[in-house]
Structure formats: C-alpha cells, structure tokens
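One structure below.
The values are calculated or read from the model by the stated rules, or taken from the named source; none is laboratory data. Computed from a predicted structure; not experimentally measured. Neighbour counts run over all protein chains shown; Cβ positions are idealised from the backbone, glycine included. To get the accessible areas, we keep the full protein, side chains included, count just its heavy atoms, and leave off ligands, DNA and RNA. Shrake-Rupley method; radii C 1.70, N 1.55, O 1.52, S 1.80 Å.
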Amino acid sequence: MIDRLIKWLDASTCNFLAARTIAAELDRAGFVRLDPAGRWELTGNGKYYMVKNDSAVFAFIAGTRPAAESGFRIISSHSDSPCFKIKPNAEIYNEGGIVTLNVEKYGGGILYTWFDRPLSISGRVMLKGKDALHPLTMIVDLKRPVCTIPHLAIHFNREVNEGNKLSVQKDMKPVIGIFTDDKISEMKSRGGVVKSLVAENLGIEPEEIIDYELCLYPCGGASLAGANGELLQSGRIDDLSMAFASLEALLQECGHEAEATRVMAVFDNEETGSGTKQGAHSPVLTMMLERIAAQYGGGDSREDFFRAVANSFMISADDAHAWHPNYSEKYDPTNHPQLGGGPVVKINANCKYMTDADGAAVFRQLCAEAGVGCQYFVNHSDVAGGSTLGNILTGQLDLRGVDMGAAIWGMHSAAETASVSDHEAVVKVFMQFYK
C-alpha cells in the first residue's frame, strides 16, 4: 500500500496530474466515466466517476438500496497543494543571458523550503480545438529539473538566520536557464522559454499553445525516512495522502456490495478558499448527488434527494498538525496528536471544522471497529485555527459529518512528513466506512 502511495504521489505533481492519476486507477477498476454535460443512464449497482476541470474527481458506487433510504457515504478531500504558478509572459531576461520566471504564490506555502532545490514544471496547456468554446487540453509534466530558486548568500545578509521577510515578486523568482542571445531571440519569436520547453515535451510547436496553467514542483519524489522507515516524506502529502487513502478504500471495497451509495469527492482549490466551479464551495457535489438520487430513487426526485442527504454522512479528510517536539508550546496541552497515533478528529469551538459531538462519536466508533487508534486536534486557545472542506460543504448540503486527517509535520512545506502507520490506519477506517 505504501509503495502505491509513493508511486501516486510521484505521479501527481500538480492538481491536474493528481486527477489524471485517480481517473486512471478508476478506469482500471472498471468504473465508467460520465460526461457532466451528457445524459446519465445509471444502471444496477454500477461504478461511475466524473472529472471536473481536469482537476477534480468524483466517483461513486451505487448502493443496493435506494439512495433515499440508505443515503450517501461520502469521503471528501482535495487535489491541490501550495506551490508557485507561472504567470503569462513569464520570462524576465537578465544580464548574462540568465532568464528568470515571473511567478505567483498559490496557497500558503512555507517559502523558505523552496530555495536551492531542483524544480520542474507540470500542469496543463490549451490548444486550438473544434471551435473557440472548446479548446483542446494537454496535461504536461517535464519530469526533470529545469528551474531553481537560488538563495542570497549569507555573506550579503548576515542576519538571514534571525528572520528575513520574503517578497514573492523579488526573492522567489526561479532561474530557468542561461541562454545565448541567439537562442533567446529564437525562443522569444516562438512564445518564450516556457512555451518552448513545454512544446518540446509534448511534441508540438510553441505557437500552438494558446494558454497554460503551469506550476513548479520540487524534484526528487517521495521517500521513506526514520531509522525504521516509519516516516514518509514528500511534497503534496497535504492533501493527496487523504485523496489516495479514499481512493485506496474505494478500490478495496468496490467488489463488495453495500446498501448505501459510496462516494469519493476529490475537490480542487481548497488551498485558495474552494471558491471555484471545481471547489467545495460550488454546487458540483450537490448536483451530482441529486442526479444519483433521481436515477436510483423511483419516486419524487427532489424528495428522494432530500431524504438521501438526511440519511447521509461525510468524512471531510484533510491532514492535521502533528505535535512537534521542538515547539511544544504551540500546541494545545491535552489535544495534540502524535505521528503514528492514528487518525485525528479536528475540533474547533468557533465552527471552523464541521465536527460536532455526533460526528466525532461516529468516527471514533468507526476507528474502534477498524481496530485503529483515534486522536484529537484542537488549537491552542490563543491561536486562531484554519478551516477546510467540511464546514464549506455543509453550506451546500445539510450533512452530518466529521473533519479529520492524518497528523503531519511541516504542513505546506515543499517536503512534508507523515507516518506510514497512520496512512495504513486511515485506509482501514475508510474501508470500514465504505462497507
């Protein structure tokens, strides 16, 4: 299982690649891909999925009883992680043929962790399609180091280790190479360095690229760490570890029938507030569930949908903060989860999470049935907490549920750290939920 997780993390270098990785696994498991714009003809206890914006994936297995009676069992997560997005017209041509890129911070990453690393580029590009409203999409991953963000030497800033405020516009510009004047002139005439590199990878001409959404990611891949291989280090653990845990559980259980309709929802853009057509703040999940209820209901479709939602439960899966041995004072004294201690229920008195006593009780019982530990994360009372998918989704759907995750170190670092045993435990709980 951990070998698969490492493979999936390495393949999923951005939200678009994560969605493609998940879709490929669903295809191999016999799930039928649905067109959101087409007419759905759902049959029997079928296995289906749809992709939104090339970056969000929603899969479901129809239950043996009507959705109105047995409801939905939903696990939600997200495909995006903090990174740097490459702006249009990104190239900045400097002295000596050095070309840097104009980038924008996506989400709330820890900037220092991106310095002096080999970086690559992945994302999607848009080409001319059948008409102006339907451009052709191509997913790209250069899969080799093409950039780096060099730090200023300590000799020019002796106080760098005392704290150094960073400007994304000034300090975080990646160097993409050193070129001759002739090469720069040639690439400028064809759209620039970025389009030239991407086009070469895709086997197309740079002039064919109409637009792009490209990001930087650290090269090197996921790896095990710790004296006993008990730790996992990788970029994008938050939240791909939870997305892949829900995928693993769905694939493990898809051969077994269940009364409830089982749903896996992997949204995009959680790191920027979820306010997109493929984010948790959109009606995309509501619309999908309503279509399912209508086809597997047999009565009044709206009434069936309302009943189905009332009979449903959602696990909002987004990683949690593990207690850090160097910063104990940052954590709540009695509710600080440990790496290796099992899944984490996330609670906030000001409703930043959807967890209430009902949701926590359900999840704790699932953990007990799965034979794994269960921990709590509550913020230090003097520290404001963030939010995640659960409370956003309950603004769209009147759902019971819980916010949870696996405990990790260095959340939003270019290289986060998780526990191998925690991932295995989360999959067991998700499988129990899907039974």
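Could you tell me how many of the residues in region 25-42 are more than 17 Å from Ala56 (Cβ to Cβ), assigned to a loop (DSSP other than H, G, I, E, B) and at pLDDT 95 or above? Going through region 25-42 one residue at a time, the tally reaches 2. From the list Ala265, Ala243, the one residue that fits, being open to solvent by less than 10 Å² (accessible area, probe 1.4 Å), assigned to a strand (DSSP E or B) and at pLDDT 95 or above, is Ala265.
Note on region 1-24: residues that are touching a residue at least 60 places away in the same chain (Cβ under 8 Å) and either part of a helix (DSSP H, G or I) or open to solvent by 30 Å² or more (accessible area, probe 1.4 Å) (or both) total 15. Note on region 107-199: enclosed strands (runs of 3 or more DSSP E) holding 2 or more residues that are within 23 Å of Gly220 (Cα to Cα) and of a type in the set (Gly, Ala, Ser) are 119-127. Against the list (1) touching a Cys at 6+ places or on another chain (Cβ under 7 Å); (2) of a type in the set (A, V, I, L, M, F, W, C); (3) open to solvent by 40 Å² or more (accessible area, probe 1.4 Å), the condition Leu119 fails is (3).
Within region 273-315, the set of residues being surrounded by fewer than 23 Cβ atoms within 10 Å (Cβ to Cβ), of a type in the set (S, T, N, Q) and in contact with a Phe, Trp or Tyr (Cβ under 7 Å, 6 or more places away or on another chain) comprises Ser274, Gln295, Ser312.
Inspection of region 89-105 identifies no residue that is touching a helix residue (DSSP H, G or I) at 6+ places or on another chain (Cβ under 7 Å), assigned to a strand (DSSP E or B), of a type outside the set (D, E, K, R) and within 20 Å of Thr276 (Cα to Cα). Residue pairs whose Cβ atoms lie under 8 Å apart, separated by 6 or more positions or on different chains, with the first residue in region 115-142 and in contact (Cβ under 8 Å) with a residue 12 or more places away in the chain and over 20 Å from Ser196 (Cα atoms) and the second open to solvent by less than 50 Å² (accessible area, probe 1.4 Å) and among the aliphatic types (A, V, I, L, M), are Phe115/Ile149; Asp116/Ile149; Arg117/Ile149; Arg117/Ala414.
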